[in-house]
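Read the structure below first, then the notes.
The values are calculated or read from the model by the stated rules, or taken from the named source; none is laboratory data. Owing to the predicted nature of the structure, the values given are computational and were not obtained by experimental measurement. Cβ placement follows ideal geometry from the backbone for every residue including glycine, while neighbour counts extend to all protein chains displayed. Side chains included, ligands, DNA and RNA excluded: accessible areas come from the protein's heavy atoms. Shrake-Rupley method; radii C 1.70, N 1.55, O 1.52, S 1.80 Å.
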Amino acid sequence: MRKNACLLSLIVLLSLAFAACNNTGTNTNGGANANSNSNMGMRTEGPPTPTATATPKYTEEQAREEREKAKANKETIGQSLEDAWIHTKIVTKLIGDTKTPERKINVDVVEAAVTLRGQVDTAEAKAEAERVAKETAGVKKVTNQLKVVPAKATNTNTKTTGTPKGKTP
């Protein structure tokens, strides 16, 4: 009889433990993977539908300020909030990228089409700026008009001979 009571207690205890593990009311991760495979084997016809790029907390006021900064730098931004947001993202990325010259690249954005203008020191900097623009969410087209103009080498081994003009030894 004692053996049956122990077995019954064990079964009740395990049942309670199992029920507690499956309590999704208090488990914030309960059922998290319930639909993870629900679309497996399903096909959609045609090309994927493009989705709009989210502009998190980007306001008309911020867009107006960005347009003013762009105008001061002789850059153009279209009238949409999305164009201003794209400009902000690209300029921020270029400034943070060690391979591109800080603010020597003008970025124009009109209807999600980006034009890069200005001068860079190397072909690598030109390619990097184009890559940054192309990989920015929301950009539909990039036109790279950057010109590669190598930096002038400074000659540190110059020697002056003779006397300066107008001076007598």
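Could you tell me which residue of the range 92-148 is farthest from the chain's Cα centre (by Cα), considering only residues that are of a type in the set (Lys, Arg) and assigned to a helix (DSSP H, G or I)?
By that ranking, first place goes to LYS126.
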For the range 62-81, check the following and say yes or no: at least one residue is closer than 23 Å to ALA137 by Cβ and modelled with pLDDT under 85.
no
So which residues in the range 79-134 are of a type in the set (Gly, Ala, Ser) and either over 19 Å from ALA63 (Cα atoms) or in contact with a His (Cβ under 9 Å, 6 or more places away or on another chain) (or both), if there are any at all?
GLY96, GLY118, ALA123, ALA125, ALA127, ALA129
Residue count, the range 71-105 (criterion: open to solvent by less than 80 Å² (accessible area, probe 1.4 Å) and in contact (Cβ under 8 Å) with a residue 24 or more places away in the chain):
20
Could you please give the count of residues in the range 122-140 that are of a type in the set (D, E, K, R) and more than 10 Å from LYS99 (Cα to Cα)?
5
